[in-house]
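Right, one structure below, let's go through it.
The values are calculated or read from the model by the stated rules, or taken from the named source; none is laboratory data. Because the structure is predicted, anything quoted here is derived from the model rather than measured. FYI the Cβ positions are ideal-geometry reconstructions off the backbone, even for glycines, and counts take in every protein chain you see. We work out accessible area using only protein heavy atoms, side chains counted, and drop any ligands, DNA or RNA first. Shrake-Rupley method; radii C 1.70, N 1.55, O 1.52, S 1.80 Å.
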Amino acid sequence: MSLISQSARPKNEVKKTKRDEPEVEDGNEADLDALKLKKKKRGEELVRKQVKEMKKLENFLFGSLYSPDEFGKEDNQVDADDAAEGSDLFFTDRSADTALTVYKEDAAEDFSEDETDLQRKPVWVDEEEEKTTVNIAKLNRLRKLRKEEDENVISGSEYVSRLRAHHIKLNPGTDWAQVDPNSKGDRSSDDELTDEDNEDVTDDILRTNEDLVVKSSSKLLPGHIEYSKLVDANIQDPSNGPIHSVQFHRNAQLLLTAGLDRKLKFFQVDGKRNTKIQSIFLEDCPIRKASFLPDGSQVIISGRRKFFYSFDLVKAKVDKIGPLVGREEKSLEVFEVSPDSKLIAFLGNEGYILLVSTKTKQLVGTLKMNGTIRSLAFAEDGQHLLTAGGDGQVYHWDLRTMTCLHKGVDEGCINSTALCTSPGGSHFAAGSDSGIVNVYNREEFLGGKRKPIKTIDNLTTKVDFMKFNHDSQILAICSSMKKSSLKLIHIPSYTVFSNFPSANMSLHYPRSIDFSPGGGFMAVGSAAGKVLLYKLHHYQHA
């Protein structure tokens, strides 16, 4: 049965209407025409009511198909009463694809209205933050938030921003948790957003106005250094004897350890597992020193022997070299490798410095200083060499002309025991058997100024080893004659970091120190056969 037939009038009603019609005379044609016109109007009115009732019923069953509501417009094609009755009786399903253009226009209007909702705004803003001030120099635990050494008071909002940035620096997160800016956002309420709109929303999430994360090139502040103790670098194979050498490879992942157990070991350092890669046993040479060539191709190994070893990392081959022709040294245990990987300088007898080529492994020259030689260090990409010894003087040698450029007295030093230069060659440090370390500006020292920039007297026993980190902001000094006798010096303030080592930290007897190429790791070899590993939080890369 159709919808129209449901609204049709009963037959008896129609018949009754016909019976009730008044009879007219045949001659009264005007009255008859008026009656027909009246009857016609009544029929048309009845049809309109039927059509209206049909549309109302169809709207109730199927939604507004003939006169859908246009959002934002006040006048509709339906009557106000009908709209009031039908407004709550239907809804528009926009998830389906419809051919009616009015729905598409409505969708565009809805999207334009919701665009402002996509902007991320703070849920709540504390107006008192701008009025509040915080003194970050007063408390020790807040000094790490300073950007400059003399900075004291900052606003409350700036204090909050720096705390957030400091948290991000200490907790960088993991890769799997990072939002991919190229991925589409899964937003059930924004099904009609395009790919570009989704990317804009993702960019809003990742956008920040904070630029306070400390990078590796930023300034390191004095006082306290932030660090964490990690798993020992040689945890998978500790040494049975003292560790005399630790050094990172130029790729920052490979670490060598060597000691009196006659084993040269390599570890892949990640701070968690520190996987052992390889171990080499030298039967006739307890190792006193082992060092990578700066180009990373070889390892030079020596001990208290007339000979030394060279290990080729590419070919995995060990070569025994020596004794050196024309020399009678019984020990080649102390040496340094030039930054250009061309020369090896060994300490010889009676103040001689033996220069050996890294390619031919043959003696290519000798230098002679007064007295005995105890320490040496290269500078300026291997063109200059610094030496010191029993006469308390520091010698500067030009290796291009094989001559002594300058010699000067190390202030307060009787016997020099350690030398090291900064990576740029602008500074050098000289340690003595009394525990005193003098830091000099090399150009000023060569110009005749004998006064050191700073004298560091935090060690009380002989200085055995010193090392600058990659950006010359940290100088590590240690003595193997006293437990936990290791200090980190802040450059250029030349003050000791007071929180390293801590009171409850045991370093045993430190023998050697090295920083990773990016400064993130610091390894300390001890007489207990362990290589302690620390993470320096100021540096983000190993």
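What the table shows:
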| item | result |
| --- | --- |
| Residue in region 372-380 that is modelled with pLDDT under 95, open to solvent by 40 Å² or more (accessible area, probe 1.4 Å), over 26 Å from residue 482 (Cα atoms) and not hydrophobic (A, V, I, L, M, F, W, C) present | yes |
| Where a residue in region 440-451 is within 15 Å of residue 422 (Cβ to Cβ) and in contact (Cβ under 8 Å) with a residue 60 or more places away in the chain and its partner, wherever it lies, is of a type in the set (Phe, Trp, Tyr) and not in a loop (DSSP other than H, G, I, E, B), with Cβ under 7 Å and at least six apart | 442/428 |
| Pair list, Cβ < 9 Å and 6+ apart or interchain, from region 358-378 residues that are under 19 Å from residue 393 (Cα atoms) to residues that are open to solvent by 80 Å² or more (accessible area, probe 1.4 Å) | 368/350; 369/407; 370/407; 371/350; 372/350; 373/350 |
| Residue check for residue 281: surrounded by 13 or more Cβ atoms within 10 Å (Cβ to Cβ) and either modelled with pLDDT of 95 or more or touching a Leu at 6+ places or on another chain (Cβ under 9 Å) (or both) | no |
| Criterion: open to solvent by 10 Å² or more (accessible area, probe 1.4 Å), within 35 Å of the chain's Cα centre (by Cα) and at pLDDT 95 or above - qualifying residue of 467, 483 | 467 |
| Qualifying residues in region 240-250 (those that are in a loop (DSSP other than H, G, I, E, B) and in contact (Cβ under 8 Å) with a residue 60 or more places away in the chain) - the one farthest from residue 303 (Cα to Cα) | 250 |
| Flag if residue 252 is aliphatic (A, V, I, L, M), open to solvent by less than 70 Å² (accessible area, probe 1.4 Å), over 30 Å from residue 139 (Cα atoms) and modelled with pLDDT of 90 or more | no |
| Residue count for region 292-344, restricted to those that are open to solvent by less than 10 Å² (accessible area, probe 1.4 Å) and out of contact with any strand residue (DSSP E or B) (no Cβ under 9 Å at 6 or more places or on another chain) | 0 |
| Cross-chain or 6+ apart pairs with Cβ under 7 Å, region 473-501 first and closer than 24 Å to residue 517 by Cβ, then hydroxyl-bearing (Ser, Thr, Tyr) | 478/485; 491/472; 500/227; 501/484 |
| Residue match in region 432-439 (condition: out of contact with any His (no Cβ under 8 Å at 6 or more places or on another chain), of a type outside the set (Ser, Thr, Tyr), open to solvent by 20 Å² or more (accessible area, probe 1.4 Å) and at positive phi) | no |
| Tally of residues being closer than 23 Å to residue 244 by Cα, assigned to a loop (DSSP other than H, G, I, E, B) and of a type outside the set (A, V, I, L, M, F, W, C) across region 448-471 | 7 |
| Residues located in region 431-469, provided they are of a type in the set (A, V, I, L, M, F, W, C) and over 18 Å from residue 391 (Cβ atoms) | 437, 439, 446, 453, 456, 459, 465, 466, 468 |
